[in-house]
Amino acid sequence: MESPLELLRKAIEAGDLPAARAAMESFKRATHQTNQLAAEVLHELRQPLLGIKAYSQMMEESAQPGSPVALLLAQVERMEQIISDFTRISSDKPAPRERLSLAAPVQAAAKHFQLNADATRISLEVDAAPDVEVLGNARLLEQLVLNLLNNARDALSGRGRIKLVVQREGGVPVLLAADWGPGIPPELRDRIFEPYVTGKARGSGLGLSVCKRIAQEHGATITLASPTALPDLPSPATVFRVAFAQSAQEAGPSRKRLLVVDDEAIIRMVFKDLMGKECDVIEAQTAEEAIELLRVGPYDLIVTDKNLPGLSGLDLAQEARKADPNSRVIIMTGYPSLVTAQQALELGVIDYLLKPFDEIREVREKIRSALAAQPPARLPRAHSQRVDVYEDNPASARQITDALKMLGMEPNVLTEPKAVEGDPPAGVVVSWDFSPAHGKKAVELGRTLCRGAPFVVLAEHLTMDAALESLRGGAAACLPKLLSDVRALSRELNRALKLSTPS
């Protein structure tokens, strides 16, 4: 018999809307029944637990000092609390939360962990800053940490080392749980938080999914971090990172936040030393790690290497702009190319740094300027169909005019660097080869006269210099004039200027 979820999938693939609705209702009923069954099982578990607790309490009354009965009773009470938590989850009730030191549940979990006989072979280190506070439920956070500890213990087949760290990263409360075991198989890394996914022969595959659920309930994210997230040598094989949202109450006077993304530790260290006194510098080794950090909170500036393992720096820039259209990104690369410079420009990247850096002080000034800059004001889209074209070459002006007319726009060719009175234009096209304001001055002209509308730079011979100056000047694109193909130029102008063409 097919499950309601399978019936729903088939109905959607077949485009059968009535069948899909029926399957959805069946799925809801099945989910409700599952939750009800779980609640009933948890309720029944309370009955034998009450007897165990009662006799444990009576045994404690006559127990000798140092007897393990007190420990037994503590574990019974903990089981009661876990049952209460899961009963609450089955009824979709939020857990009570309060402001607390993250170190408290971490230390409590470490204490419970060390009561287990298997823990005697483990060297457990806890480095928990007491002043790192979160808004959370102490019991649930303790359960999260204990699950991480048990997961690490199971990964260590013999004697081994586990380390817990509580710290702040750019104002964000963070918990790191590391172990020096065999590591997680590559084929499981993307699925490790899914239920029933495990690399251990006797594992249930539920511990990490519970961790993810508790983290989400606290508005936090749990991810696999880079082994270099801890400075220890040798580096750990596995590091789990739990990052909590920073509340408005604890933010206080804000320092600018700089996210540096590079798979080279020395580069991240350079930026931390370069800017650490002026702003909070948060590090990520990969674009995937950076995206997780962006989900927790915004950053004033992102500086990322272009060539990263996995997603590239340009992919990161694109994801950052999706999350926040005002995201500001600087790309670094040791392998510059005109193609990637154009891609960076069209993604709204504000600068393109070439590695190795010729002058580190210039890099600092660029970052300072970017951090100090205010987000651009969002101006209403101009109703005008006019596009101002600054071009003094008659042949080029004719080609640009024809390309814009194909889009239903009204090209206004100007041979002098002057502003047009009246309403702002829908866009501006400026020639890099414009005689009255050539090169960099042409970019400055376009930025000044566009009045909030997008502007595009066209170059007779497209070079890296033209692309980078256009990028740094805020142009929407830097394109070759494509004099032999007016249709291609028309398509590129429409894409870059995002023109509101008449229907």
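Readers should treat all values here as calculations from the given coordinates under stated rules, not as data from a laboratory. Small disclaimer: the values here were computed from a predicted structure and weren't measured. Positions of Cβ are generated from backbone atoms using ideal geometry, with glycine treated the same way; all protein chains shown enter the neighbour counts.
On a full-extension model of 0.36 nm per residue, what is the gain between E13 and A129, subtracting their alpha-carbon distance, rounded to one decimal in nm? Intermediate values should be presented prior to the final figure.
On the way: separation 116, 0.36 × 116 = 41.76 nm, distance 5.22 nm.
The span from E13 to A129 would gain 36.5 nm if fully extended.
Given an 8 Å cut-off on Cα distances and at least 6 residues of separation, report the relative contact order of the range 386-497 as a percent.
Once divided by the residue count of the range 386-497, the mean separation gives 26 percent.
Net charge around P425, counting only other residues with Cβ within less than 9 Å of its Cβ (Lys, Arg = +1; Asp, Glu = -1)?
Numbers: positive: R386, R451; negative: D388, D423.
Residues near P425 contribute 0 overall.
Order the peptides 363-371, 112-120 from the highest to the lowest mean number of other Cβ atoms within 10 Å of their residues. Write down the numbers at each step before the final one.
On the way: 363-371: 16.7, 112-120: 13.1.
Final packing ranking: 363-371, 112-120.
How large is ³J(HN,Hα) for each residue in the range 402-414, as worked out from phi by the Karplus curve 6.51 cos²θ - 1.76 cosθ + 1.60 (θ = phi - 60°), to whole Hz, x for Gly and Pro?
4, 5, 6, 5, 4, 8, x, 8, 10, x, 10, 7, 10
Net charge within 11 Å of G136 by Cβ-Cβ distance, Lys/Arg positive one each and Asp/Glu negative one each, not counting G136 itself?
Values: positive: R97, R99, R139; negative: E98, E133, E142, E217.
Every neighbour counted, the sum reads -1.
Quick check: net charge around I400, other residues with Cβ under 9 Å of its Cβ, Lys/Arg +1 and Asp/Glu -1? Could the numbers behind the result be given before it?
Details: positive: R398, K481; negative: E391, D402.
Taking every other residue near I400 into account, the sum is 0.
Taking a label point 7 Å from the Cα of D232 along the Cα→Cβ vector, which residues of the range 101-144 have an amide N closer than 11 Å to it?
123-127
How far is it, in nm, from the label point at Q216 to the one at R97 when both lie 7 Å from their Cα along the line to the Cβ?
Calculated label separation equals 1.5 nm.
Out of residues 5 or more away from L414 or on other chains, whose amide H comes under 5 Å of its own, with H placed 1.01 Å from N in the peptide plane?
Close amide H contacts, sequence-distant or interchain: V389, Y390, E391.
Using only the alpha carbons of the range 279-359, determine the length spanned along each of the three principal axes and report them from longest to shortest in whole angstroms.
Computed over the range 279-359, the largest-to-smallest principal extents equal 33, 25, 24 Å.
Can you list residues from other chains, or at least 5 along the same chain, whose modelled amide H is less than 5 Å from the amide H of M409?
Excluding prolines and chain starts, which carry no amide H, there are no hits.
Give the peptides 414-426, 96-108 in descending order of average Cβ contacts within 10 Å, highest first. Before the final figure, lay out each step's value.
On the way: 414-426: 15.2, 96-108: 17.3.
Highest to lowest by the protection proxy: 96-108, 414-426.
Restricting to Cα pairs below 8 Å that are 6+ residues apart, what does the relative contact order work out to for the range 89-186? Please round to a whole percent. Intermediate results must be reported in sequence, preceding the final value.
Numbers: 149 pairs, mean separation 29.6, N = 98.
30 percent.
Between the alpha-carbon centers of the range 284-347 and the range 427-501, tell me the distance in whole angstrom.
After rounding, the separation between the Cα centres reads 23 Å.
What is the packing order of peptides 226-233, 393-400, taking the mean over residues of other C-beta atoms within 10 Å and listing the highest first? List each step's numbers first, then the result.
Details: 226-233: 14.5, 393-400: 17.4.
Ranked from most to least packed, the peptides come out as 393-400, 226-233.
Going by amide H atoms built from the backbone, whose H comes under 5 Å of the H on L479, apart from near neighbours?
V457, L458, A459
Can you compute the modelled spin-label distance between R159 and T448, with each label point 7 Å from Cα toward Cβ, in nm?
Spacing of the two 7 Å Cα→Cβ label points: 7.4 nm.
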